[in-house]
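A.B. asks: Dropping a structure here in structure tokens format, bear with me for questions.
Since every read-out is calculated from the coordinates, none of them should be taken as a lab result. Small disclaimer: the values here were computed from a predicted structure and weren't measured. Cβ placement follows ideal geometry from the backbone for every residue including glycine, while neighbour counts extend to all protein chains displayed.
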Amino acid sequence: MSKHVRAIVIAGNGTNCERETAHAMRLGGAEVADIVHISELLAGRVLLEDYHFLHLAGGFLDGDDLGSAKAGANRLLHAPVKGSGEHLSDHLRRFIADGKLVMGVCNGFQLMVKMGLLPALDGDFRQTTTLTFNDCGRFQDRWVYLKADPASPCIFTRGLQGIYLPMRHGEGKLVVDSEETLARIENQHLGVLKYSDSEYLAPTMEFPLNPNGSTAAIAGLCDATGRLFGLMPHPEAYVHRTQHPRWTREENLPEAGMGLWLYQNAIRFIREELL
């Protein structure tokens, strides 16, 4: 395999953030960031095994008609890959078993949760959490402060104390199937990002700092390996200072936006561990 970092962004069926996602991956250091329609994967013309980093982008999969990303999750779980005798989920599980990275943002996070890829307690990919309608009962489009857990195994957030990102969703409230599941998420530090106050000091359930009422203020999850990661806010939408809502008024903003940190961490891991 090439020594270049190869990333893939799956497009189609309602995604609408694939271009800015691929751009963020390139800015983060990936030499290749291909946007691939899911039909190409199902036809066997493009293979996941040729990549190191899979990104499930934001959008409105199938119009969210069955709930956020539910139809998309069923497609990825059960759709056959032409000529292989396997389902796309078989290819995805091999991709994960090979130590590669998967990241989902907004609808992509919803997709990972409903496929059981997060939090993947015991590594069995059984769905234990979901994302449902915001407590406020309406779509939210705002910027949020996220406190990062320094004890988390997540490779994407290494070195981060907090991060400021835009979010835009109507179904971003994380709920769990039991108190035991929540306890395991907390004890294993898998709730890697939490909605917080503006100083990144403490998680909060206060609206609008927590825009959806998410359980335990969780905005992002990882699995126990730290290689599977999803979040509701959009890091790909803040990779340059001009994307900051106060860039004309706030002095000393760095040229690179905070969202880029997550991609740089991912690419650094790939170079160190997979190439």
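A.B. asks: Helix-only mean residue ellipticity at 222 nm, the chain, DSSP H runs n ≥ 4 weighted -39,500 (n - 2.57), per residue, nearest 500. What is it?
C.D. replies: It lands at -7000 deg cm²/dmol.
A.B. asks: Moving on to the next point. Can you put THR128, THR15, THR215, THR248 in order, fewest other beta carbons within 10 Å first?
C.D. replies: With the fewest neighbours first, THR128, THR15, THR215, THR248 line up as THR248, THR215, THR128, THR15.
A.B. asks: Another question about this same structure. Relative contact order for the chain using alpha-carbon pairs under 8 Å, separation at least 6, rounded to a whole percent?
C.D. replies: 19
A.B. asks: With point charges of +1 on the Cβ of Lys and Arg and -1 on the Cβ of Asp and Glu, referenced to the Cα centre of the stretch 30-184, which listed residue (PRO80, VAL36, LEU131) lies farthest in the positive direction of the dipole?
C.D. replies: LEU131
A.B. asks: For SER178 and LEU274, what does the FRET efficiency come to when R0 = 30 Å and r is the distance between their Cβ atoms, rounded to the nearest 0.05?
C.D. replies: After rounding, the FRET efficiency stands at 0.30.
A.B. asks: Would you mind estimating how fast the chain diffuses translationally, via Stokes-Einstein at 37 °C and 0.692 mPa s with the Kirkwood radius over Cα pairs, in µm²/s?
C.D. replies: The estimated diffusion coefficient comes to 177 µm²/s.
A.B. asks: Something else about it: Just checking the chain: which Cys have no other cysteine's beta-carbon under 4.7 Å?
C.D. replies: CYS17, CYS106, CYS136
A.B. asks: Once Rh for the stretch 45-157 is found with the Kirkwood sum over Cα pairs, what is the Stokes-Einstein diffusion coefficient at 4 °C and 1.567 mPa s, in µm²/s?
C.D. replies: 83
A.B. asks: Using a Cα-Cα cut-off of under 19 Å, which lysines could be cross-linked to LYS114, ignoring same-chain neighbours fewer than 8 residues away?
C.D. replies: Correct list for LYS114: LYS70, LYS173.
A.B. asks: Which of HIS78, HIS240, HIS55 ends up with the largest GNM mean-square fluctuation for the chain, with Cα atoms connected below 10 Å?
C.D. replies: Sorting by GNM fluctuation, first place goes to HIS78.
A.B. asks: I want the antiparallel fraction of DSSP beta bridges within the chain, as a percent rounded to 5.
C.D. replies: So the antiparallel bridges amount to about 55 percent of the total.
A.B. asks: On to the next question. What ranking, highest mean first, results for peptides 58-64, 39-45 when packing means the other Cβ atoms within 10 Å averaged over each residue?
C.D. replies: Listed from highest to lowest mean packing, they are 58-64, 39-45.
A.B. asks: For the stretch 174-214, give the magnitude of the charge dipole about the Cα centre (Cβ charges: +1 Lys/Arg, -1 Asp/Glu; no others), in debye to the nearest 20.
C.D. replies: Once rounded to the nearest 20, the dipole reads 120 debye.
A.B. asks: Calculate the dipole size of the chain relative to its Cα centre from +1 charges on Lys and Arg beta carbons and -1 charges on Asp and Glu beta carbons; express the result in debye to the nearest 20.
C.D. replies: The calculated dipole for the chain is roughly 440 debye.
A.B. asks: Dividing the alpha-carbon radius of gyration of the stretch 123-225 by 2.2 N^0.38 Å (N being the number of residues), what value is obtained?
C.D. replies: 1.02
A.B. asks: Can you work out the PRE-style zone for ASN16? Point 7 Å along Cα to Cβ, and I want the residues of the stretch 124-141 with backbone N under 16 Å.
C.D. replies: The answer is 139-141, whose backbone nitrogens lie closer than 16 Å to the label point.
A.B. asks: Highest first, please rank the peptides 140-149, 171-180, 189-198, 230-239 by the mean number of other Cβ atoms sitting within 10 Å of their residues.
C.D. replies: 230-239, 189-198, 140-149, 171-180
A.B. asks: Let me ask something additional. So how do 95-105, 252-262 stack up, highest first, on mean other-Cβ count within 10 Å?
C.D. replies: Answer by packing, highest mean first, reads 95-105, 252-262.
A.B. asks: Quick check: the distance between the Cα centres of the stretch 47-104 and the stretch 206-253, to the nearest angstrom?
C.D. replies: Computed from Cα coordinates, the inter-centre distance equals 23 Å.
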